[in-house]
There are 2 protein chains.
Amino acid sequence: MNNLQLAVHFFLQIAVILLACRLVGLVAKRFGQPQVVAEMVTGVLLGPSLFGLLAPEVQASLFPWDPTQTTRDTQSYLFPASQLGLALYMFIVGMEFRVDIVKRHFKSSVTVSAAGIVTPFALGGLLGWAMFEWTDLFPEKTNLFEAVLFLGASMSITAFPMLARIIHFKGLAGTRMGTVALGAGALDDAAAWCLLALVLASFDNDYSHAILNVGGGIGFVAFMILVARPLLHWLSPRLFDKGTLTETGLVVALIAMALSAWFTDLIGLHAVFGAFVCGAVLPRNVARDTVQRIQPLAVSLLLPLFFTYSGLNTRISLIDTPFLWLMCGAVLVAAIAGKGIACWLAARATGVPQREALGIGILMNARGLMELIIINIGLQRGIISPGLFATLVIMAIVTTLMASPIFDRLVGKGFTAEPLPPFDTDRDTAGAQARS
Amino acid sequence: MNNLQLAVHFFLQIAVILLACRLVGLVAKRFGQPQVVAEMVTGVLLGPSLFGLLAPEVQASLFPWDPTQTTRDTQSYLFPASQLGLALYMFIVGMEFRVDIVKRHFKSSVTVSAAGIVTPFALGGLLGWAMFEWTDLFPEKTNLFEAVLFLGASMSITAFPMLARIIHFKGLAGTRMGTVALGAGALDDAAAWCLLALVLASFDNDYSHAILNVGGGIGFVAFMILVARPLLHWLSPRLFDKGTLTETGLVVALIAMALSAWFTDLIGLHAVFGAFVCGAVLPRNVARDTVQRIQPLAVSLLLPLFFTYSGLNTRISLIDTPFLWLMCGAVLVAAIAGKGIACWLAARATGVPQREALGIGILMNARGLMELIIINIGLQRGIISPGLFATLVIMAIVTTLMASPIFDRLVGKGFTAEPLPPFDTDRDTAGAQARS
């Protein structure tokens, strides 16, 4: 296909993806599920797991796919747009990241977060070891260390952005349950991403590469905190006109994001790290206006493309033996026991009342979009097989689907993560006070 | 290059493009030039005309390019993103399109617009005929009819979005000069796009294709006005929550845009037509909120990618003989005499005072981004040669560069099109009143 034909396809794909996401969203809403869950599911439905199974020819003509990844196909169109959407989204997550919340209810947060990382990592690692020894769910070039670490990390992840949205939306931001969950979620996510970075570093096999990855990553974070952050703070008054971020200001933020994404990609980590860190070091007032302006298009248009791109890679049909379904069940049990149950018990242990502790466990258990990101990276790099990928997609969807109904019973009224809550402007002044 | 390597490149390209656009913008500002002019120029500078001339290897490694257009290269990354940006931008232009303005100062508007389409079309057509007979600036498969029509259409285009922005920014929206220029610009643009549609229809050579193009185009517009418009009006109350467009509302607008872009692409017109028409038929309150939410990212991030994509296709070095520079001069003279001078005289003839008439002529003469869009389509389809493309790029840039300094002298104080003016909310009530 040439560029023009692909461009024709591209707009049709966008229309189909957005429409499918909204239709599934309407159904999901009836079951009290937020839009983001609907979009995760829609991605899988549009891929070979359902659409490709029911109407293989229509699916193939709508999403032409070159398995050799050399000529131009759907992938060469959806991939860049979805990567851009993903980087922008992680940038938004970074801008909404709040270290200050961890400080409140510090003991509970740290205990819950420790339980939420140690147990799933232990169970996940154990499962990774078993799978590595007795199955072919890991490709040959993945070694035991990486298998254990990757499965451990992918079990430890929290759907932090979704968690933050639910908590803000329900007005729980100031409550103990809200702050403990947010604080623990932030700590766990940070830890899980570090683990993933370690896997990626190790996976390059080359010793010099590993040094580049780890050293480059540490150097990058240090640079962002010690140089970029003060620089951006010094620049920030120049980027405002009558209290609003100028267009130049927005572009400066986007340039910083693109450079960070590029650098972390270059050193063998992933663009999402750079985008996230960049968002986190941005001055709070710049972050507030930037989120407002990029969120609508990034979340409504580009992010669904990522879900579909992920879904196109998911072949549920690869889980085709009772043994593999058993593995799938084991992954689910390890994920729920390791994360949800462990966090609930940890919260109880630090004196959080039963109902709230259960709420925290459920919130921490949802993997959401973050899990899809981590396992897509694993699949891209060839750390996990498409079969294990499908298993983990199921785990991500089930743990996310579980969250809403159970949480609703505990907290009352149904919640939906849509429409997105306004950016937390209090944070700006809080941040300024904390700094001054 | 595989996907991952290209993704690394993609973020670096974005950073370089945005940074270069802003740096050129800083210089341009000193000469009273708006940011959009800077971005047009930056696109050309990043291409083979300057960057590729000074540092061919660095340029080629930053923007790898496969001339056969089959394997994955920069183009397969920048192209989809730039097409998406372009469609979103034309969607915004459509949403900001105002028929009601033509009605005020009707006589002057119609006279200026007639002069602004007949004269440049006659001069452009004449030049197209001369080039077709005596040069090889048109590829072999282009016939005389298409050559005349295409050059005529490309001379008749107005930088309507830029014109609208300048007029709003200077607070001239209610003045005679402002309304006449806006009205005439809107009419001329509509006429020029119709001419282009005719060229594209003819160029397919196939009689059945031409019917598909013209018939499909007319059918599309009829459908959008008679079916989509009432449907969207009926839907619109459901898309609002407490006076604000919901996320679902935004997605409905984006789906309509994507479907329209896809359809006009499919019938052999171009995605920009569909996106524009879709924007124009959207209910005004939906349009207002949609523009607000998609404009920042579309204009700050995606549109510069289109300028650079266009610049990567521009080889000023192709104009390498005195004869070709003579042709370039002829194009410029025809463009300025046919548009700027003709509109100025037409305005004078309908009793507009000298200063204002000159202002109208200058505003109508700027070709801006619209010219780049039209000639990029011509190059993509193979209607014009890369040499003629380069000539027309120069014409577009020179007529746009001329506008600001001359206009400044006439209207006073320097203007910049940045920051973008807020969406004209009056329009909403005006539109509602007009309908009721």
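Scan (1) closer than 29 Å to B:L363 by Cβ; (2) hydrophobic (A, V, I, L, M, F, W, C); (3) at pLDDT below 80 for the single condition B:V41 breaks and write down its number.
Every condition holds for B:V41 apart from (3).
Condition first: buried (at least 21 other Cβ atoms within 10 Å of the Cβ), of a type in the set (F, W, Y) and closer than 25 Å to A:I319 by Cα. Now tell me which residues in region A:133-167 satisfy that.
Once the filter is applied, which keeps residues that are buried (at least 21 other Cβ atoms within 10 Å of the Cβ), of a type in the set (F, W, Y) and closer than 25 Å to A:I319 by Cα, region A:133-167 yields A:F138, A:F150.
Please state which one of A:L149, A:L78 is closer than 30 Å to A:L305 by Cβ and more than 14 Å from chain B (Cβ to nearest Cβ).
Answer to the selection: A:L149.
What are the residues in region A:240-253 that are in contact (Cβ under 8 Å) with a residue 40 or more places away in the chain, out of contact with any Ser or Thr (no Cβ under 6 Å at 6 or more places or on another chain) and within 9 Å of chain B (Cβ to nearest Cβ), if any?
Within region A:240-253, just A:T244 meets the criteria.
I'm told A:R381 meets every condition in (1) over 15 Å from A:S49 (Cβ atoms); (2) more than 14 Å from chain B (Cβ to nearest Cβ); (3) among the basic types (K, R) except one. Can you identify the failing condition by its number?
Every condition holds for A:R381 apart from (2).
Please go through (1) outside any helix (DSSP H, G or I); (2) at the interface with another protein chain (Cβ under 9 Å from one of its Cβ atoms) for B:V299 and return the number of the only condition it doesn't satisfy.
With (1) outside any helix (DSSP H, G or I); (2) at the interface with another protein chain (Cβ under 9 Å from one of its Cβ atoms) applied to B:V299, the lone miss is (1).
Can you tell me which of B:G274, B:G178, B:G183 is touching a Ser or Thr at 6+ places or on another chain (Cβ under 7 Å), more than 14 Å from chain A (Cβ to nearest Cβ), buried (at least 24 other Cβ atoms within 10 Å of the Cβ) and not aliphatic (A, V, I, L, M)? Step through it out loud before you land on a result.
On the way: B:G274 fails: more than 14 Å from chain A (Cβ to nearest Cβ); B:G178 fails: touching a Ser or Thr at 6+ places or on another chain (Cβ under 7 Å).
Of B:G274, B:G178, B:G183, the one residue that is touching a Ser or Thr at 6+ places or on another chain (Cβ under 7 Å), more than 14 Å from chain A (Cβ to nearest Cβ), buried (at least 24 other Cβ atoms within 10 Å of the Cβ) and not aliphatic (A, V, I, L, M) is B:G183.
Sort out which residues of region A:24-47 are away from chain B (no Cβ under 14 Å) and closer than 19 Å to A:L305 by Cα, and write them in order of number. Give the steps one after another, and end with the answer.
Looking only at region A:24-47, we keep the residues that are away from chain B (no Cβ under 14 Å), and these are A:30-33, A:37, A:40-41, A:43-47.
Within region A:24-47, A:V37, A:M40, A:V41, A:G43, A:V44, A:L45, A:L46, A:G47 meet the criteria.
Report, by residue number, each residue of region B:342-351 that is touching a residue at least 40 places away in the same chain (Cβ under 8 Å) and under 17 Å from B:T158 (Cβ atoms). Reasoning before the result, please.
Of all residues in region B:342-351, those touching a residue at least 40 places away in the same chain (Cβ under 8 Å) come to B:342-343, B:345-347, B:349-351.
B:A342, B:C343, B:L345, B:A346, B:A347, listed by residue number.
Here are some residues: A:A190, A:A184. Which one is touching a Gly at 6+ places or on another chain (Cβ under 9 Å) and assigned to a helix (DSSP H, G or I)? So that I can check it myself, show each step before the final result.
On the way: A:A190 fails: touching a Gly at 6+ places or on another chain (Cβ under 9 Å).
None of the other options fit; the residue is A:A184.
How about region B:350-373: which of its residues are surrounded by 24 or more Cβ atoms within 10 Å (Cβ to Cβ) and either outside the structural domain of B:V272 (by TED's automatic domain parsing) or closer than 16 Å to B:G43 by Cβ (or both)?
B:R367, B:G368, B:L369, B:M370, B:E371, B:L372
Which residues, counting only those in region B:317-333, are in a helix (DSSP H, G or I) and either within 20 Å of B:V44 (Cα to Cα) or in contact with a Lys or Arg (Cβ under 9 Å, 6 or more places away or on another chain) (or both)? Walk me through how you get there before you give the answer.
Here is the first cut: in region B:317-333, the ones in a helix (DSSP H, G or I) are B:317-318, B:322-333.
Selection gives B:S317, B:L318, B:L324, B:W325, B:M327, B:C328, B:G329, B:V331, B:L332.
Is there a residue being among the small types (G, A, S) and either closer than 30 Å to A:K141 by Cα or within 14 Å of chain B (Cβ to nearest Cβ) (or both) anywhere in region A:227-239?
Filtering region A:227-239 down to residues among the small types (G, A, S) leaves A:228, A:236.
From what's left, either closer than 30 Å to A:K141 by Cα or within 14 Å of chain B (Cβ to nearest Cβ) (or both): A:228.
Within region A:227-239, one or more residues are among the small types (G, A, S) and either closer than 30 Å to A:K141 by Cα or within 14 Å of chain B (Cβ to nearest Cβ) (or both).
Against the condition crowded, with 20+ Cβ neighbours inside 10 Å, over 24 Å from the mean Cα position of the chain (by Cα) and modelled with pLDDT of 90 or more, how does B:G279 come out, does it pass? Explain how you work it out, then say what you get.
Details: crowded, with 20+ Cβ neighbours inside 10 Å: yes; over 24 Å from the mean Cα position of the chain (by Cα): no; modelled with pLDDT of 90 or more: yes.
So B:G279 does not fit the description; no.
Within region B:243-271, which residues are part of a loop (DSSP other than H, G, I, E, B), closer than 19 Å to B:N376 by Cβ and out of contact with any Gly (no Cβ under 6 Å at 6 or more places or on another chain)?
Of everything in region B:243-271, those that are part of a loop (DSSP other than H, G, I, E, B), closer than 19 Å to B:N376 by Cβ and out of contact with any Gly (no Cβ under 6 Å at 6 or more places or on another chain) turn out to be B:G268, B:H270.
Are there any pairs with C-beta distances below 6 angstrom linking a residue in region B:25-53 that is crowded, with 17+ Cβ neighbours inside 10 Å to a residue that is among the aromatic types (F, W, Y), with the two at least 6 apart or on different chains, and if so which?
Within 6 Å, the pairs are B:E39/B:F307; B:M40/B:F307; B:G43/B:F307.
For region B:306-316, check the following and say yes or no: at least one residue is over 18 Å from the mean Cα position of the chain (by Cα), farther than 25 Å from B:D189 by Cα and part of a helix (DSSP H, G or I). Full working, then the answer.
In the first step, residues of region B:306-316 are kept if they are over 18 Å from the mean Cα position of the chain (by Cα); the result is B:315-316.
Add one more test, that the residue is farther than 25 Å from B:D189 by Cα, and what stays is B:315-316.
So of that shortlist, the ones also part of a helix (DSSP H, G or I) come out as B:316.
Yes, that holds for at least one residue.
For every residue, the table says whether it meets (1) over 17 Å from A:G183 (Cβ atoms); (2) among the acidic types (D, E); (3) over 21 Å from the mean Cα position of the chain (by Cα).
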residue	(1), (2), (3)
A:L326	yes, no, yes
A:V331	yes, no, no
A:I336	yes, no, no
A:L345	yes, no, yes
A:G351	no, no, yes
A:A357	no, no, yes
A:R367	yes, no, no
A:L372	yes, no, no
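Only one residue in B:A197, B:A201, B:A210 is in a helix (DSSP H, G or I), free of Cβ contacts under 8 Å to residues at least 12 places away in the same chain and away from chain A (no Cβ under 14 Å), so which one is that? Steps first, answer last, please.
On the way: B:A197 fails: free of Cβ contacts under 8 Å to residues at least 12 places away in the same chain; B:A201 fails: free of Cβ contacts under 8 Å to residues at least 12 places away in the same chain.
The match here is B:A210.
Check A:F138, A:F223, A:F132 and return the single one that is aromatic (F, W, Y) and not in a helix (DSSP H, G or I). Break it down stepwise before answering.
Working: A:F223 fails: not in a helix (DSSP H, G or I); A:F132 fails: not in a helix (DSSP H, G or I).
Going through A:F138, A:F223, A:F132 in turn, just one is aromatic (F, W, Y) and not in a helix (DSSP H, G or I): A:F138.
Might you check whether a residue that is among the acidic types (D, E) and closer than 29 Å to A:A164 by Cβ occurs anywhere in region A:27-39?
Step one: of region A:27-39, the residues among the acidic types (D, E) are A:39.
Pick out the ones that are also closer than 29 Å to A:A164 by Cβ and you get A:39.
Checking region A:27-39: at least one residue is among the acidic types (D, E) and closer than 29 Å to A:A164 by Cβ.
The values are calculated or read from the model by the stated rules, or taken from the named source; none is laboratory data. From a predicted model like this one, the values you see are computed outputs, not experimental measurements. Backbone-built Cβ (ideal geometry, glycine too); neighbour counts: all protein chains shown.
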